[in-house]
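Engineer: Sharing a structure, written as structure tokens. Questions coming.
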Amino acid sequence: MAPLIVLLVVTGSARLAGLLGLDWLDSWPHATRIGLAAMFALTASAHFLPPRRNALIAMLPPRVPAPAALVTLTGVLETAGAVGLLIPFFAPAAAICLAALLVTMFPANVYAARSGQGIKTMPLPWRTLVQIVFIAACVLAAF
């Protein structure tokens, strides 16, 4: 739930700053880039810091090879995407890549919800809805 709150609060604050005169933030796509960057910085930190890291590793189905390495890789990709969102030239590509990453990682959310493993945040229907919001924000940020 914290990533969703960060996305909404930071995006709303950035958009408000745009309305108050910061020209670059005077659009929803640009404000959403700032919100997504903050959200992905938050979620990426969980990939490296215990105990969240251990919970993320537990979210992966047993058939996935090298789960710790995969969690590290996705953390690096989320960090790179967050930085990319803040660089106007790279922001559209970063947003699309992050949307693809969210889609790729969703099966781990399904496994976690069904098995009770990993980060226990919300039931699968809510996880799905929140994931759709995140993907939609990435699509918006790509413009």
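The values are calculated or read from the model by the stated rules, or taken from the named source; none is laboratory data. Only a predicted model underlies this, so the values are computations on that prediction, with no experimental measurement involved. Methodologically, a virtual Cβ is constructed for each residue, glycine included, from the backbone with ideal geometry; neighbour enumeration extends over all protein chains shown.
Engineer: Mind checking whether some residue in segment 26-40 is under 23 Å from Val9 (Cα atoms), modelled with pLDDT under 95, assigned to a helix (DSSP H, G or I) and within 16 Å of the chain's Cα centre (by Cα)?
Structural biologist: No, because not a single residue in segment 26-40 is under 23 Å from Val9 (Cα atoms), modelled with pLDDT under 95, assigned to a helix (DSSP H, G or I) and within 16 Å of the chain's Cα centre (by Cα).
Engineer: For Ala55, state whether it is assigned to a helix (DSSP H, G or I), over 18 Å from Phe134 (Cα atoms) and touching a Gly at 6+ places or on another chain (Cβ under 7 Å). Write out each step before concluding.
Structural biologist: Details: assigned to a helix (DSSP H, G or I): yes; over 18 Å from Phe134 (Cα atoms): yes; touching a Gly at 6+ places or on another chain (Cβ under 7 Å): yes.
Yes, satisfied.
Engineer: I'm trying to understand the selection: among the residues of segment 68-79, which are closer than 13 Å to Leu36 by Cβ and out of contact with any His (no Cβ under 8 Å at 6 or more places or on another chain)? Steps first, please.
Structural biologist: Here is the first cut: in segment 68-79, the residues closer than 13 Å to Leu36 by Cβ are 78-79.
Thr79, the sole residue that qualifies.
Engineer: Please determine, by comparing only the residues of segment 63-80 that are within 21 Å of Thr128 (Cα to Cα) and of a type outside the set (A, V, I, L, M, F, W, C), which one is surrounded by the fewest Cβ atoms within 10 Å (Cβ to Cβ).
Structural biologist: Among those residues, the one meeting the criterion is Thr74.
Engineer: Something else about it: Among the residues of segment 81-91, how many are buried (at least 20 other Cβ atoms within 10 Å of the Cβ) and either part of a loop (DSSP other than H, G, I, E, B) or aliphatic (A, V, I, L, M) (or both)?
Structural biologist: To start, the set of residues in segment 81-91 that are buried (at least 20 other Cβ atoms within 10 Å of the Cβ) comprises 81-82, 84-85, 91.
Pick out the ones that are also either part of a loop (DSSP other than H, G, I, E, B) or aliphatic (A, V, I, L, M) (or both) and you get 82, 85, 91.
Adding up the residues that qualify gives 3.
Engineer: While we're looking at this one, here's another question. Criterion first (among the basic types (Lys, Arg), more than 15 Å from the chain's Cα centre (by Cα) and in a helix (DSSP H, G or I)) does Arg15 satisfy it? Before you say what the answer is, go through the steps one by one.
Structural biologist: Details: among the basic types (Lys, Arg): yes; more than 15 Å from the chain's Cα centre (by Cα): yes; in a helix (DSSP H, G or I): yes.
So Arg15 passes the test.
Engineer: Let me ask you something else. Inspect segment 92-114 for any residue being under 15 Å from Ala137 (Cα atoms), of a type outside the set (A, V, I, L, M, F, W, C) and crowded, with 18+ Cβ neighbours inside 10 Å and give the result as yes or no.
Structural biologist: Of the residues in segment 92-114, the ones under 15 Å from Ala137 (Cα atoms) are 92-103.
Keeping just the survivors that are of a type outside the set (A, V, I, L, M, F, W, C) gives 92.
Okay, now just the ones that are also crowded, with 18+ Cβ neighbours inside 10 Å, so none.
No: segment 92-114 contains no residue that is under 15 Å from Ala137 (Cα atoms), of a type outside the set (A, V, I, L, M, F, W, C) and crowded, with 18+ Cβ neighbours inside 10 Å.
Engineer: Within segment 52-62, how many residues turn out to be buried (at least 18 other Cβ atoms within 10 Å of the Cβ) and not hydrophobic (A, V, I, L, M, F, W, C)?
Structural biologist: Just the residues of segment 52-62 that are buried (at least 18 other Cβ atoms within 10 Å of the Cβ), to begin with: 56-57, 59-60.
Now restrict to residues that are not hydrophobic (A, V, I, L, M, F, W, C): none.
Residues meeting the conditions: 0.
Engineer: Within the set of pairs 6+ apart or on separate chains, which have a first residue in segment 58-70 that is under 15 Å from Thr104 (Cβ atoms), a second that is outside any helix (DSSP H, G or I), and C-beta atoms under 6 Å apart?
Structural biologist: That search, which allows pairs on different chains as well, returns Met59/Gln117; Met59/Gly118; Pro67/Leu60.
Engineer: Please count how many residues of segment 115-130 are surrounded by 13 or more Cβ atoms within 10 Å (Cβ to Cβ), assigned to a loop (DSSP other than H, G, I, E, B) and free of Cβ contacts under 8 Å to residues at least 12 places away in the same chain.
Structural biologist: 0
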